[in-house]
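**Q** Input: one structure, supplied below.
The values are calculated or read from the model by the stated rules, or taken from the named source; none is laboratory data. These numbers come from a predicted model, not from an experiment. With ideal geometry, Cβ positions are generated from the backbone for all residues, glycine too; neighbour counts draw on all protein chains shown.
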Amino acid sequence: MKRTLLALALMLATTGLFAQVGMQKLDTQMQKKTVRQIERQTVKMKKNVNRTAKDGEAQPLCDFSNATDYTFGTNAAHTVAGWGWNLQADTNSFFGIAGDYLNYWLLGVTSENPAGDGWWIFNTERYGYENPTWDNGFAFLDLLTIHDQGLQTGVMDCYVQFNQPIDATELNGIDVNFNSAIQRFNSERYFIEWSNTPDFTTYDSLEFFVRGLEINSNEAAIGAKRLTLPKNTPNANTVGGLVYLRFRYTSPANEAGEDGQPHSYFWFLDDVTYQDIPEHRVDVVKTQYQLGGYHNLPAVITPDTLIYAVDVENTGGTDYNDAVLNNTIYSIEFAETEDGEDIYTQAAVNLSTGDTLRNTTVKTLEDVNGSDSTFAARRNVTLMAGSNHLPSGTVGTYAVASTITATGIDTPIALDDTVYFNVVDASADLDGSYRWSRDRNVLIESWGNFKYGFMRSGANIYLTDEAAWNRTGYEVCVPFTADYTDRDLYINGIEVVPALDSCAAGAQFIGKLRKIDWETFEASGYDPNTLVVEVMDAWDVPVESEVYTLQQSDLNNGLCTDPDYLDVITPDQFRSIYLPFKNSVELVAGETYYACYRMVSNGRFMIAADDPRIGTFGPGTNYYQSLMLVFTPGLPASATYAWGGKFYFPEYCDGKTPLIHMIIGDASTRSLSEEIAVASSLNAYPNPATDNATISYSLNKSGNVSIVITDLMGRVVMNMEEGNQNAGVNYTVNVNTANLANGTYFYTLNVNGEKQTKKFVVSK
């Protein structure tokens with residue numbers, strides 16, 4: 001069943017908060033009813049692309065059709081002799097090697113290079129820019145050729161300068177607009193620089209295409225872009241006189257030989273214009289949700305706090321001294337029209353009042369009248385807002401929208417990132433358990449898999465999207481945290497979704513459960529290998545499933561066939577695999593758990609991934625609790641993150657969310673291996689304890705009982721022999737903790753040699 005979704009039509013018409021939501025948002029409550037066609041996007045555009053100011057007409061500065069308009073040059077640090085900016089006047093001719101390092105299909109390439117990589121040739125149809133003017137010439141940096149020539153050991157520091165100055169006497173400020181196509185590497189930096197003198201004796205700089213802020217390593221950006229120059233800076237007064245401009249590229253030297261890397265991939269530049277800035281304007285540079293970004297949320301829990309962060313830049317001529325970021329939570333109602341198209345409506349009630357909302361502290365957004373001596377980075381201000389408790393008691397669909405308000409802003413700035421989550425009932429196909437997930441639980445053709453990890457190249461370790469995903473030991477983990485639950489709940493297993501056309505029968509894997517152990521981490525002197533540990537069940541056995549062998553009937557092959565659209569495949573159309581744990585464990589509020597799958601034999605299995613363009617929260621960033629984990633075969637745990645740890649941010653994997661769900665339920669759904677059961681209950685209270693604690697337990701079978709208390713290092717601090725005791729009786733043991741140092745301890749119940757261990761904390 002495939003239909004076209006009229007996404008959020010009524011919502012868009014009824015509220016300004018959702019004015020910028022767009023057609024890319026997909027609600028999860030109707031997944032089984034709808035299929036949406038999403039226009040194929042060859043490039044992910046950034047939020048700060050060119051938005052023409054209404055206050056003034058754009059004036060031409062350079063289109064590279066006239067050699068007198070520009071100058072190519074290098075600075076003293078530049079050591080790659082003979083290489084720098086180039087002019088391409090004829091877009092039908094070859095101009096540099098298009099290697100296999102990049103998405104060269106964005107630009108077009110021939111097959112006439114003897115090396116087999118092909119040569120650049122600009123393809124205006126592939127480029128897709130409106131009213132392209134590339135035929136009259138453009139500037140470019142051919143950095144792949146530098147790599148292929150073995151010259152990447154030098155330093156790149158080159159510029160293209162515009163010879164005609166800007167008369168800024170009557171301008172409020174200067175917007176510089178240009179067309180650009182780049183693919184970014186790790187080390188390079190991009191600057192626009194301005195001066196009052198043509199020799200740039202003194203100048204100021206503004207960095208753009210900033211790594212981790214606007215674009216990530218190995219990503220491509222293509223299209224129009226705008227940069228707003230700060231006014232009245234000490235080295236170059238941009239308003240009130242003549243202003244000279246240049247673009248500069250810089251990159252340090254890289255190592256030579258087989259493991260050497262290109263300085264970059266490419267940078268194409270064209271059609272530079274300028275114009276006056278408006279009085280009021282705030283640009284959104286980057287947005288992200290952190291921590292509690294769940295899409296399927298069990299009605300029996302309250303998730304960890306949802307935090308929303310937005311990086312903004314005031315590019316207008318007015319200060320805002322009381323800017324506030326506002327999160328707003330709405331319930332969403334569903335209606336189906338007679339013609340079969342699905343429409344979503346916003347309910348009238350705003351649920352983000354009282355204890356559900358925590359807005360940012362007041363922030364000042366300065367205008368571009370800067371007083372800094374340099375502008376080596378963008379003038380960003382980070383605003384944050386948090387929702388203390390997402391509504392989770394009532395089954396239904398909810399939306400989170402955000403605006404920025406400030407005195408002087410007549411209409412709140414609506415942020416184009418409204419996302420949705422579902423509060424769900426227990427599922428009958430999971431024997432009464434709940435699906436808890438970060439993803440939208442839909443499959444998208446071009447984003448249908450997750451295969452990230454790490455690789456060794458010489459002495460270096462790099463993040464790669466061609467990880468050893470089919471090898472024994474490859475493991476992917478997604479985090480989950482509950483702030484509060486008023487029921488005894490248990491983690492029963494995980495659910496995985498096989499990727500589209502990427503799996504084969506015979507692959508073997510298991511479900512696992514890990515968690516963050518802060519106490520052990522601190523006690524180890526912050527050894528990164530001790531932070532994430534296996535969760536042990538009540539009998540000190542790692543929590544995991546039986547080995548699962550992938551069947552032909554499990555595969556999600558052949559579901560996406562439309563070459564013109566990105567088909568959306570809903571849960572009624574794809575298959576998932578439930579991996580129940582041998583022994584369920586109790587869900588502890590405040591703990592951060594990782595639901596994982598791990599390959600136990602070599603085989604073709606790849607996890608499906610959600611599409612970041614349809615409003616996913618994603619796994620989050622900036623906090624340990626919200627980061628994904630990947631364990632790579634053959635690499636030590638301490639080296640599984642290329643930049644120094646085993647956690648990594650979703651922006652390094654294109655925002656994809658692996659479709660790994662954690663399955664929870666009440667006591668009636670838990671699994672338990674009776675042959676190893678020791679006690680039906682085992683608890684210590686108060687926990688944390690001060691001078692005294694009580695251990696309570698009830699045995700599943702009679703036997704000789706002892707209780708041993710150990711510290712983090714495994715040293716015995718107490719040993720209590722309780723003698724023979726009967727099953728089904730509630731027992732208590734008083735423990736004097738007055739002489740114990742503050743810290744974490746373990747208490748082990750031993751019944752005829754069978755053990756059950758839990759921990760408690762002493763805090764005085």
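**Q** Please list, ordered by residue number, the strands (runs of 3 or more DSSP E) wholly in the stretch 672-728 having 1 or more residues that are at pLDDT below 90 and in contact with a Lys or Arg (Cβ under 7 Å, 6 or more places away or on another chain).
**A** By residue number, 679-685.
Per-residue answers, yes or no, for (1) over 26 Å from ASP204 (Cα atoms); (2) modelled with pLDDT of 75 or more; (3) surrounded by 20 or more Cβ atoms within 10 Å (Cβ to Cβ):
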| site | (1), (2), (3) |
| --- | --- |
| ASN321 | no, no, no |
| TYR344 | yes, no, yes |
| VAL349 | yes, no, no |
| LEU357 | yes, no, no |
| THR360 | yes, no, no |
| PHE375 | no, no, yes |
| THR382 | no, no, no |
| ALA385 | yes, no, yes |
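**Q** Failed condition for GLN59, given (1) of a type outside the set (D, E, K, R); (2) modelled with pLDDT of 90 or more; (3) surrounded by fewer than 15 Cβ atoms within 10 Å (Cβ to Cβ); (4) within 37 Å of the chain's Cα centre (by Cα), with all others met?
**A** Result: GLN59 fails condition (4) only.
**Q** Among the residues of the stretch 428-443, which ones are closer than 17 Å to SER671 by Cβ and surrounded by fewer than 17 Cβ atoms within 10 Å (Cβ to Cβ)?
**A** ASP429, ASP431, GLY432 - these are the residues of the stretch 428-443 that are closer than 17 Å to SER671 by Cβ and surrounded by fewer than 17 Cβ atoms within 10 Å (Cβ to Cβ).
**Q** Still on this structure, please answer the following. Counting only residues that are in contact with a strand residue (DSSP E or B) (Cβ under 6 Å, 6 or more places away or on another chain) and acidic (Asp, Glu), which one in the stretch 196-219 is surrounded by the most Cβ atoms within 10 Å (Cβ to Cβ)?
**A** The residue in question is ASP204.
**Q** Sticking with this one: Looking at (1) touching a strand residue (DSSP E or B) at 6+ places or on another chain (Cβ under 9 Å); (2) modelled with pLDDT under 75, which is the one condition that is false for PHE72?
**A** (2)
**Q** What is the residue count in the stretch 543-566 for residues that are surrounded by fewer than 21 Cβ atoms within 10 Å (Cβ to Cβ) and touching a residue at least 60 places away in the same chain (Cβ under 8 Å)?
**A** Final tally of qualifying residues: 6.
**Q** What are the residues in the stretch 246-262 that are at pLDDT 80 or above and either more than 24 Å from PRO165 (Cα to Cα) or not polar (S, T, N, Q) (or both), if any?
**A** ARG246, PHE247, ARG248, TYR249, SER251, PRO252, ALA253, listed by residue number.
**Q** So, one more: Search the stretch 193-219 for residues that are of a type in the set (Gly, Ala, Ser) and pair each with any residue that is surrounded by fewer than 19 Cβ atoms within 10 Å (Cβ to Cβ) when their beta-carbon atoms are under 6 Å apart and the residues are at least 6 apart or on different chains.
**A** SER205/ALA376; SER217/ASN186
**Q** I'd like the residue in the stretch 394-408 that is buried (at least 19 other Cβ atoms within 10 Å of the Cβ) and aliphatic (A, V, I, L, M) and, out of all such residues, is farthest from the chain's Cα centre (by Cα).
**A** Among residues in the stretch 394-408 that are buried (at least 19 other Cβ atoms within 10 Å of the Cβ) and aliphatic (A, V, I, L, M), the one farthest from the chain's Cα centre (by Cα) is ALA406.
**Q** Which fully enclosed strands (runs of 3 or more DSSP E) of the stretch 445-545 have 2 or more residues being modelled with pLDDT under 85?
**A** Per the criteria, 453-457, 460-464, 475-484.
**Q** Let me ask something additional. Name every residue in the stretch 450-467 that is surrounded by 14 or more Cβ atoms within 10 Å (Cβ to Cβ) and among the acidic types (Asp, Glu), in order of residue number.
**A** Passing the criteria: only ASP465.
**Q** Which residues, taken from the stretch 147-181, are surrounded by 20 or more Cβ atoms within 10 Å (Cβ to Cβ) and outside any strand (DSSP E or B)?
**A** Those that are surrounded by 20 or more Cβ atoms within 10 Å (Cβ to Cβ) and outside any strand (DSSP E or B): HIS147, LEU151, GLN152, ALA168, LEU171, ASN172, GLY173.
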